[in-house]
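One structure is given here, and the rest of the page talks about it.
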Amino acid sequence: MKKSNIFVCIFNYHAAANAEFLYRELKPAFDDCHIIDADSGERPDPCDGDTVYLPNVFYSGMMHHAITMAQKGNYPYMFFICSDVLISHEALEQLKHILLSESFDGVGVYCPSHADDSYTWAAWSYSRHSGKRREVAFAEGMLGLYARPVYEKLEPLDINPHGWGLDLVACFYARHWGLRCEIDDRLSITHPKGDVHKNTLARREAREYLMRYPEGWKIRAYWVISSIRNATIQLFILPPSYRKWLRFYLPIYRFFHRR
């Protein structure tokens, strides 16, 4: 895959130092790499004019702008990463090599795995140390490589500013179209635990957003089924000290999912 086939963007909201680190690491490998900044207050642009400054348009607003730019450039793939995602220089080097040298034909969604100290409610996203790409039902949307049919399917986003459910739509339609959703155990990221309390507005936006699709009820059922499949992890990730509890849970999880 040529580097010009992937549009790369970093979604930044008040994590400018890490956003700049990610930009400096990724920019040399890709023709089109941008920071999309949602009202971080950082001026002037430290990234050679490649920062797009927006008001606080939330996750969906940044995603909408990224999709618009990817479409304008006619990119078959878009890779995005939120600026609160922590990934080492070594893992980024490996990620660049994978994105530029391996085939993603037949893949709709691709994501690195989560390290043991990361937060995700999708248990299968934690690394199984398989040393390979493996197919999964769903991957959370703090980063990922989306094929063009997948990222275009997310629009319009104006009714869902907080962005809950975008990753569900991406993975549902990837699988619906016979494309793979993959987690790569060869490299891992760490994502901190954010606000996981019930957000009535965001949930209502997500339900309305999902139901605008002809397959809306199927997507909601897919959401419920995914939640049930991941129910065993909930007790371990809900406490503030979730990292401590994951150390007990993940070895057991991996034992029952070894291959």
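Data table
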item	result
Surface share of carbon and sulfur [accessible, 1.4 angstrom probe, percent] for the chain	57 percent
Full-extension gain in nm, Trp245 to Asp158, via 0.36 nm per residue minus C-alpha separation	27.5 nm
Top positive-direction residue, dipole computed over the chain with Cβ charges, set Phe30, His191, Leu168	Leu168
Amide H contacts under 5 Å for Gly144, placed H, 5+ residues apart	Phe80
Distant-in-sequence amide H partners of Ile36 (H built 1.01 Å from N, under 5 Å)	Ile10, Phe11, Asn12, Val52
Derived scalar couplings ³J(HN,Hα) [segment 8-22; Karplus, 6.51 cos²θ - 1.76 cosθ + 1.60; whole Hz; x for Gly, Pro]	10, 9, 10, 8, 10, 9, 6, 9, 5, 4, 6, 4, 5, 4, 4
Derived scalar couplings ³J(HN,Hα) [segment 101-106; Karplus, 6.51 cos²θ - 1.76 cosθ + 1.60; whole Hz; x for Gly, Pro]	10, 9, 7, 10, 4, x
Accessible area of the chain divided out per residue, in Å², using a probe of 1.4 angstrom	46 Å²
Distant-in-sequence amide H partners of Tyr126 (H built 1.01 Å from N, under 5 Å)	His114
Ser130/Asn5 FRET efficiency (R0 22 Å; Cβ-Cβ; nearest 0.05)	0.25
Charge dipole of the chain about the Cα centre (unit charges at C-beta), most positive-ward option of Pro239, Val224, Cys111	Val224
Listed residue pairs exceeding 27 Å between alpha carbons, taken from Lys218/Lys244; Lys153/Lys218; Lys27/Lys72; Lys27/Lys244	Lys218/Lys244; Lys27/Lys244
Pairwise label distance in nanometres, Ile225 with Asn199, each label 7 Å out on the Cα-Cβ vector	2.7 nm
Nearest-10 value in Å² for the accessible area of Lys96, using the 1.4 Å probe	20 Å²
Only Lys, Arg (+1) and Asp, Glu (-1) charged, at Cβ; the chain dipole about Cα centre in debye	1280 debye
For segment 156-259, radius of gyration divided by Kirkwood radius, i.e. Rg to Rh on alpha-carbons	0.99
Expected 222 nm ellipticity per residue - DSSP helices of 4 or more, -39500 (n - 2.57), all of the chain, to 500	-11500 deg cm²/dmol
Alpha-carbon centroid distance for the pair segment 124-186 / segment 1-78, whole angstrom	19 Å
Relative intensity, log₁₀ I(q)/I(0), of segment 1-90 from a Debye sum that treats every alpha carbon as a point, q = 0.10, 0.14, 0.20 Å⁻¹	-0.22, -0.44, -0.91
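The values are calculated or read from the model by the stated rules, or taken from the named source; none is laboratory data. All figures in this text were calculated on a predicted structure; none of them were measured in a lab. Glycine gets a Cβ as well: all are built from the backbone with ideal geometry, and neighbour counts include every protein chain shown. Heads up: the accessible areas ignore ligands, DNA and RNA and are worked out on the full protein's heavy atoms, side chains in. Shrake-Rupley method; radii C 1.70, N 1.55, O 1.52, S 1.80 Å.
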